[in-house]
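To start, the structure itself, in structure tokens.
The values are calculated or read from the model by the stated rules, or taken from the named source; none is laboratory data. None of these values were measured; they are calculated from a predicted model. So basically every Cβ, Gly included, is an ideal-geometry build from the backbone, and we count neighbours across all protein chains shown.
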Amino acid sequence: MTTVEQRYQEAKATYASIGVDTDAVLKQLQEVKISMHCWQGDDVKGFLNPDGELTGGIMSTGNYPGAARTPDELRADLEKAYSLIPGKHKLNLHAIYLDTDETVDLNEIEPKHFEKWVVWAKEQGLGLDFNPTFFSHPMMKDGFTLSHPDKEVRDYWIEHGKRSRRVAEYFGKELGQTCYTNFWVPDGFKDNPVDRLSPRKRLMESLDAIFSEEIDEAYNVDTVESKLFGLGAEAYTVGSHEFYMGYGLTRNKAILLDAGHFHPTEVISNKLSSLSLFSEKNLMLHVSRPVRWDSDHVVIMDDELQDIAKEIVRNNLLDKTVIGLDFFDATINRVAAWVIGTRNTQKALLKAMLEPTAELKELENKFDFTARLAYTEELKDFPYADVWNYFCEQNGVPVGLDWLKEVQAYEKEILATR
């Protein structure tokens with residue numbers, strides 16, 4: 001018996017004393033797929049126009065060496081990251097990450113331009129999610145895309161949206177896993193607008209046009225994502241939370257909540273239970289970490305991450321929630337960022353699963369707030385890390401900080417040569 005297994009057995013007994021079966025918990029955690037985002041690997045440049053300027057409220061800061069420059073380099077970096085993360089997961093692709101020798105624009109993309117990604121995903125045992133790219137392109141005019149007053153601009157982006165859904169359908173059919181296609185549109189004004197209604201009406205109509213083509217939801221599920229503001233759109237964002245909540249509920253689309261897309265003191269953890277009551281579709285999350293604004297920092301084990309996980313687990317929403325990540329940091333090793341963020345998300349879920357949820361709810365229903373507080377506070381000292389380390393060992397990935405040694409070796413051998 002290894003030291004890790006021995007400590008797990010001790011932790012197992014500790015949790016059993018409060019009625020928690022750690023073996024059952026680990027079996028449950030094994031089934032959770034995290035949709036890890038491709039854009040951490042190259043600072044959101046993509047391969048359509050990798051030398052272009054980031055626009056649409058997006059900015060990546062830092063110049064840490066070793067960013068992926070080609071699809072092959074990005075896939076190699078992703079493989080390294082996945083090898084250090086327990087379980088089998090998904091990859092979230094943006095449309096600008098197409099892999100083709102053809103010269104193709106966003107309104108011309110087809111499934112064949114992503115065929116290499118599908119071949120790779122099959123080899124790796126991964127699913128794929130997708131995002132149309134409504135930024136960093138000359139046809140983003142005056143800070144607007146689908147809500148632009150010029151019909152020619154809107155039509156360009158409508159076509160891109162339609163083609164993106166067909167790519168997603170292809171992913172779903174080929175990989176046997178539903179592809180979640182997320183629509184985020186950065187349109188907005190830097191200063192106070194006079195007319196807030198008309199852009200939202202145009203966005204609504206453009207989205208209706210995109211979704212007019214029926215696609216089997218066994219292969220593709222559409223999601224819509226709101227945002228409070230972005231760089232260059234500080235005063236007004238067309239696709240606000242209220243807009244997309246209304247749109248998603250009335251059009252039967254999945255609603256995506258991004259942890260960094262709300263007011264600085266507003267959190268998404270408190271929204272999950274309410275939204276779950278009214279949305280027929282699965283909820284989708286972009287787990288991120290804002291620092292005063294939507295700066296998409298690497299996910300850490302902070303209070304909000306743990307609260308998100310608790311809301312999902314305590315309310316039996318695991319089967320109704322699709323968990324994706326969204327952050328990019330060019331000041332640190334990009335592979336390490338993926339590993340830190342994804343493992344933290346899994347750890348937070350594990351901590352929530354290790355609670356005696358039924359007993360805690362029973363105490364609450366009896367208005368025994370004293371015992372409820374005592375339990376939730378004492379649980380903070382329970383040995384969840386010993387359960388996590390055993391989970392890693394069972395999945396054949398490094399325990400503790402051993403993963404960092406592998407990333408450092410990969411940086412020295414691969415990233416430093418780029």
Check your understanding: Being crowded, with 17+ Cβ neighbours inside 10 Å, under 16 Å from the mean Cα position of the chain (by Cα) and closer than 19 Å to Gly87 by Cα, is that true of even one residue in region 379-386?
Key -> no
Point to revise | Residues that are in contact with a Ser or Thr (Cβ under 8 Å, 6 or more places away or on another chain) and not in a strand (DSSP E or B), drawn from region 117-132 | key: Pro132
Practice item. For region 268-291, enumerate the residues that are out of contact with any helix residue (DSSP H, G or I) (no Cβ under 6 Å at 6 or more places or on another chain), of a type in the set (A, V, I, L, M), farther than 16 Å from Tyr244 by Cβ and not in a loop (DSSP other than H, G, I, E, B). Key: Leu277
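Taking into account only those residues within region 326-355 that are in a loop (DSSP other than H, G, I, E, B) and surrounded by 16 or more Cβ atoms within 10 Å (Cβ to Cβ), which is nearest to the chain's Cα centre (by Cα)? Can you show your working first?
We begin by selecting, within region 326-355, every residue in a loop (DSSP other than H, G, I, E, B); these are 326-333, 354-355.
With surrounded by 16 or more Cβ atoms within 10 Å (Cβ to Cβ) added as a condition, the list becomes 326-330, 333, 354-355.
Details: Asp326: 5, Phe327: 8, Phe328: 12, Asp329: 15, Ala330: 18, Asn333: 19, Leu354: 23, Glu355: 25 Å.
My answer is Asp326.
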Practice item. Report, by residue number, each residue of region 243-268 that is free of Cβ contacts under 8 Å to residues at least 24 places away in the same chain and over 19 Å from Asp296 (Cα atoms). Key: Tyr244, Gly246, Thr250
Study note, to complete from the structure: Residue count, region 15-48, condition surrounded by 14 or more Cβ atoms within 10 Å (Cβ to Cβ) and either within 30 Å of Gly143 (Cβ to Cβ) or in contact with an Asp or Glu (Cβ under 9 Å, 6 or more places away or on another chain) (or both), comes to 17
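Only one residue in Tyr219, Tyr236 is more than 21 Å from Arg163 (Cα to Cα), of a type in the set (Phe, Trp, Tyr) and at pLDDT 95 or above, so which one is that?
Working: Tyr219 fails: more than 21 Å from Arg163 (Cα to Cα).
Result: Tyr236 is the single residue among Tyr219, Tyr236 that is more than 21 Å from Arg163 (Cα to Cα), of a type in the set (Phe, Trp, Tyr) and at pLDDT 95 or above.
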Practice item. Might you check whether a residue that is under 22 Å from the mean Cα position of the chain (by Cα), among the basic types (Lys, Arg) and modelled with pLDDT of 95 or more occurs anywhere in region 30-37? Key: yes
**Study point:** Checklist (1) crowded, with 21+ Cβ neighbours inside 10 Å; (2) over 20 Å from the mean Cα position of the chain (by Cα); (3) charged (D, E, K, R) applied to Glu359, failing item
**Key:** (1)
Study note, to complete from the structure: Only unsatisfied item for Gln177, checking (1) in a helix (DSSP H, G or I); (2) under 18 Å from the mean Cα position of the chain (by Cα); (3) more than 20 Å from Glu225 (Cβ to Cβ), is (1)
Point to revise | Number of the exception - Val339 against (1) in contact with a Gly (Cβ under 6 Å, 6 or more places away or on another chain); (2) closer than 23 Å to Pro398 by Cα | key: (1)
